[in-house]
Amino acid sequence: MDDLDLDLASFLRTRRSRVDPAAVGIPTDSRRRVAGLRREEVAHLSGVSVDYYVRLEQGRATQPSEQVLDALARVLGLDGTEREHLYRLARQRRRRAKTPGGRVRPELLRVLDLVPDAPALIMDHRLDVIAGNRLAGLLFGRPLPGLNTARHIFLEEAERGLYADWETCTLDVVGHLRLAAGKYPDDRKLAALIGELSMGSERFRRLWARADVRARTYGRKAYQHPLVGLLELHQENFALPDESGRELIVLSAAPGSPTEDGLRLLAGLGTDSAAGPLDSVYRPGQNLDSRRT
């Protein structure tokens, strides 16, 4: 039995525990002591034998068919992200994704300079910040190469106040890392990061045990900046078309909003102290991956 079997088993158990029996037509009473569905109930509703489903949850059954996965996803009420994660866990014994990485093209880094009025950065699947523009550096108040936002959120207590919606951010981070671990099970750096976070943060351990997955996507991101106050930004994620697992992330402010004024003030405060991405982040010919901590 390998880690992939255990990941699939854990995911099935946690999804089963959150299903409301009444929602799938199973009557309940005060004597019921099981959270969610029982194993035999999932098996019955999915049209598989109880023995086979038990073996799935114990990591002893491998390569379930497409029909079984479809039925389990339906019974467990999986959303699109969870359904994709389930299929990936079930299939990875046959095809394991290569860990992405490699150099970042300088032409791509120059794109960051074309976004002068909004924080913009490039981030990988481990939540390592590869590069960022000047305003992104001012937002985080530190050099961006070497910054891992998961470590920043969970382990750097002094920085926690930067995230106005800290609890929501922790849910997003754990859900993303769980999804990334399913995509790249051979990524030793990712495994080491997850181990470090588990050792250093009780909240991370509790959230990781839930096995929730979340796709990183657009939406509101609020920061309580120590110099300019609350910044309510809108995040857009653009997956890079090079199979690197990286994304370009842009944090914009609504026109005419207090946040737009705050970003303008922040940019002005850092006029003399911050450099652009090509000055402080990247030198042509340098492998950016080697600079990360």
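The values are calculated or read from the model by the stated rules, or taken from the named source; none is laboratory data. Small disclaimer: the values here were computed from a predicted structure and weren't measured. Glycine gets a Cβ as well: all are built from the backbone with ideal geometry, and neighbour counts include every protein chain shown.
Being hydroxyl-bearing (Ser, Thr, Tyr) and closer than 17 Å to PHE11 by Cα is the filter here, so list the residues in the range 166-224 that pass it. Answer for the range 166-224, where residues must be hydroxyl-bearing (Ser, Thr, Tyr) and closer than 17 Å to PHE11 by Cα: just TYR184.
The set of residues in the range 214-231 being touching an Asp or Glu at 6+ places or on another chain (Cβ under 6 Å), within 28 Å of LYS183 (Cα to Cα) and modelled with pLDDT of 90 or more is empty.
The set of residues in the range 184-193 being surrounded by fewer than 20 Cβ atoms within 10 Å (Cβ to Cβ) and assigned to a helix (DSSP H, G or I) consists of ARG188, LYS189, ALA191, ALA192.
For every residue, the table says whether it meets (1) in a strand (DSSP E or B); (2) in contact (Cβ under 8 Å) with a residue 60 or more places away in the chain; (3) in the same structural domain as CYS169 (by TED's automatic domain parsing); (4) out of contact with any helix residue (DSSP H, G or I) (no Cβ under 9 Å at 6 or more places or on another chain).
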| site | (1), (2), (3), (4) |
| --- | --- |
| LEU197 | no, no, yes, no |
| ARG205 | no, no, yes, no |
| TRP208 | no, no, yes, no |
| ALA211 | no, yes, yes, no |
| ALA215 | no, yes, yes, no |
| GLN224 | yes, yes, yes, no |
| LEU233 | yes, yes, yes, no |
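Residue count for the range 133-183, restricted to those that are part of a helix (DSSP H, G or I) and over 16 Å from the mean Cα position of the chain (by Cα): 13. Output yes when any residue across the range 195-214 is within 18 Å of GLY245 (Cβ to Cβ) and touching a strand residue (DSSP E or B) at 6+ places or on another chain (Cβ under 9 Å), and no when none is. No, every residue in the range 195-214 fails to be within 18 Å of GLY245 (Cβ to Cβ) and touching a strand residue (DSSP E or B) at 6+ places or on another chain (Cβ under 9 Å).
Scanning the range 229-249 for residues that are under 13 Å from THR217 (Cβ atoms) and not acidic (Asp, Glu) yields HIS234, GLN235, ASN237, PHE238, ALA239, ILE249.
Number of residues in the range 235-252 that are at pLDDT below 95 and either closer than 18 Å to ARG264 by Cβ or assigned to a loop (DSSP other than H, G, I, E, B) (or both): the value is 7. For the range 210-228, a tally of residues being over 15 Å from the mean Cα position of the chain (by Cα) and surrounded by fewer than 14 Cβ atoms within 10 Å (Cβ to Cβ) returns 3. The residues of the range 153-183 that are surrounded by fewer than 20 Cβ atoms within 10 Å (Cβ to Cβ), within 26 Å of HIS85 (Cα to Cα) and free of Cβ contacts under 8 Å to residues at least 24 places away in the same chain, listed by number, are TRP166, GLU167, THR168.
On inspection, TYR282 qualifies as surrounded by 14 or more Cβ atoms within 10 Å (Cβ to Cβ), at pLDDT below 75 and not in a helix (DSSP H, G or I).
If you go through the range 253-270 and keep only what is assigned to a loop (DSSP other than H, G, I, E, B) and touching a strand residue (DSSP E or B) at 6+ places or on another chain (Cβ under 9 Å), you end up with ALA253, ALA254, SER257.
Would you check if there is a residue in the range 238-250 being outside the structural domain of THR81 (by TED's automatic domain parsing), surrounded by 14 or more Cβ atoms within 10 Å (Cβ to Cβ) and either acidic (Asp, Glu) or closer than 30 Å to ARG13 by Cβ (or both)? The answer is yes; a qualifying residue exists.
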